[in-house]
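The values are calculated or read from the model by the stated rules, or taken from the named source; none is laboratory data. The structure displayed is predicted, hence computed values, not measured ones. Because the Cβ atoms are built from the backbone with ideal geometry, glycine has one as well, and the counts that use them run over all protein chains shown.
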Amino acid sequence: LDTQQPVADVDLMRRVAQQDQAAFEALYDRYAALVYGVTLKVLGSRPDAEEVVLDVFAQAWRTAGRYDPQRGRVDAWLLVIARSRSLDKLRARQRDGKVVEASEAKAAEAPVVTISGPEKDLLIAERRAAVVAALEDLPAAQRLPLELAYYKGLSQTEIAEATGEALGTVKTRMRLGMGKLREALASWWSN
Amino acid sequence: MDCAHYQELNALHALDALDAEGRRALEAHLAGCAACAADLAAMRETASLIGYGAPPVAPPADLKDRLRARLAAESAPPAPAAPSGPAPVAVRARSDWAWKVACLVLGLGLLASLARQATLQQDLGAVRAKNAELAAQVLVAQERLASLGARDVRVVSLAGQPGAPDAAARLFWSPERKAWLLAVAELPPAGPGKTYQLWAVTQDAKLSMGTFEPNARGGGFLETRLEAPARPLAAAISVEPTGGVPQPTGPIVMLGNL
């Protein structure tokens, strides 16, 4: 797997579905930093985020056979698992009344190593650049509610309460934001 | 309502942000409208990619080992199905107190033994999982030892600095596979709230190679990879707050030139 030409995600997944450990580790190497970044942003605690990363990849290993390339991209599939596992953990923690120490949350924000450079991550870096650019193109008022829903699992009503905006305004902004995001990313992914 | 209305709801549903009422209405419509269902799938894909906006963070180097151990534990043969308990004894109700007491005692005994059996099954499952985890650790350790013999592996000694003058460390590194294996000896505990962090020092940067804690005898391993293209000039170990830091802040306790 250490070849110059990166193996396509769907080919990796096909091999993971056949319980090919090397393919699975290649999938991990490719996406662990992305998944850890998302879990860390949701949870703000390294130990919690590490636990969720383990959950996410263990689930990917178990359920790879059910992944259907017709129904979506591999990275999107992994991100859906990562987000839902992270939000589950966030809610469980909120139920238990656990609060992440401010210092811990702050430490979590500072990446130990930011991935950059290596050739094999080029594809991921391109996708990241596209998403970051699309998000930055949104007015902050549209981006914020999307991020509150994505990273904090808030509903439209909770976002209205948190931001002090009218519910109708929140809905409109989220709808506009999602529409623009979809359009911006569609032009990127299609080529 | 027309489809445009439901596709507006899709944008929010893709982020699970709809309230219960909106969700019910949308789901009822989606059940009978393939176009809107396809629109939701596309919206969901867009929504999931928002995660690319989170800054990527390399997980700690040992997380992959933990994942391997976890998968090995999960694939261990499942505990055999609990044997079904003794067939329930049908007892006809009698007014006789002695019978009632006897049944109660019997019932309590049965319950206690079932509970004990469940506990034993749980213990057995835990022991099996632990066993599989240890087997996986042995495999990892064997691979690690075998990798030291590879043709391209270079060995560098790190010398103890004033903070840990008696400590010794060897770094085995493979420029080809970018693999680093650090073995330390006689390194004192980093102290409460502290950890040791390994750094690859290049011309213009110090790259974190991960954190580690020596064992009770001061020994330990750190297996990691240097992904950066730059050629490392030196390896250093510093004392840092638990969890590690992006750039070294604490004293350098061991150092070696590559």
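When A:49, A:60 are screened for being farther than 23 Å from residue B:75 by Cβ, among the hydrophobic types (A, V, I, L, M, F, W, C), buried (at least 19 other Cβ atoms within 10 Å of the Cβ) and touching a residue at least 24 places away in the same chain (Cβ under 8 Å), only A:49 passes. Candidates B:197, B:203: the one that is touching a residue at least 24 places away in the same chain (Cβ under 8 Å), within 17 Å of residue B:258 (Cα to Cα) and polar (S, T, N, Q) is B:203. Consider region A:140-174 and keep the residues that are without any contact (Cβ under 8 Å) to a residue 12 or more places away in the chain and hydroxyl-bearing (Ser, Thr, Tyr). The one that is farthest from the other protein chains (Cβ to nearest Cβ) is A:169. The residue list B:176, B:223, B:240 contains one member that is in a loop (DSSP other than H, G, I, E, B) and within 14 Å of another protein chain (Cβ to nearest Cβ), which is B:176. Would you be able to say whether some residue in region B:121-142 is out of contact with any helix residue (DSSP H, G or I) (no Cβ under 8 Å at 6 or more places or on another chain) and at pLDDT 85 or above? Within region B:121-142, none of the residues are out of contact with any helix residue (DSSP H, G or I) (no Cβ under 8 Å at 6 or more places or on another chain) and at pLDDT 85 or above.
For the condition within 19 Å of residue B:164 (Cα to Cα), of a type in the set (Gly, Ala, Ser) and at pLDDT below 90, what is the one hit in B:220, B:256?
B:220
Figure legend. Inter-residue proximity from region A:8-31: first residues away from chain B (no Cβ under 14 Å), second residues part of a helix (DSSP H, G or I) and at pLDDT below 90, beta-carbon distance below 6 Å, spacing 6+ or different chains. Indicated pairs: A:10/A:69. In region B:159-173, the qualifying residues are those that are outside any loop (DSSP other than H, G, I, E, B) and of a type outside the set (A, V, I, L, M), and the one that is farthest from residue B:223 (Cα to Cα) is B:160. Is it true that some residue in region B:162-170 is surrounded by 13 or more Cβ atoms within 10 Å (Cβ to Cβ), in contact with an Asp or Glu (Cβ under 8 Å, 6 or more places away or on another chain) and not hydrophobic (A, V, I, L, M, F, W, C)? No - not one qualifying residue is present in region B:162-170. When the residues of region B:228-238 are filtered to those that are surrounded by 19 or more Cβ atoms within 10 Å (Cβ to Cβ) and not hydroxyl-bearing (Ser, Thr, Tyr), the one that is modelled with the lowest pLDDT is B:232. When B:49, B:15, B:40 are checked against the criterion of being assigned to a helix (DSSP H, G or I) and facing chain A (nearest Cβ under 7 Å), B:49 stands alone in meeting it.
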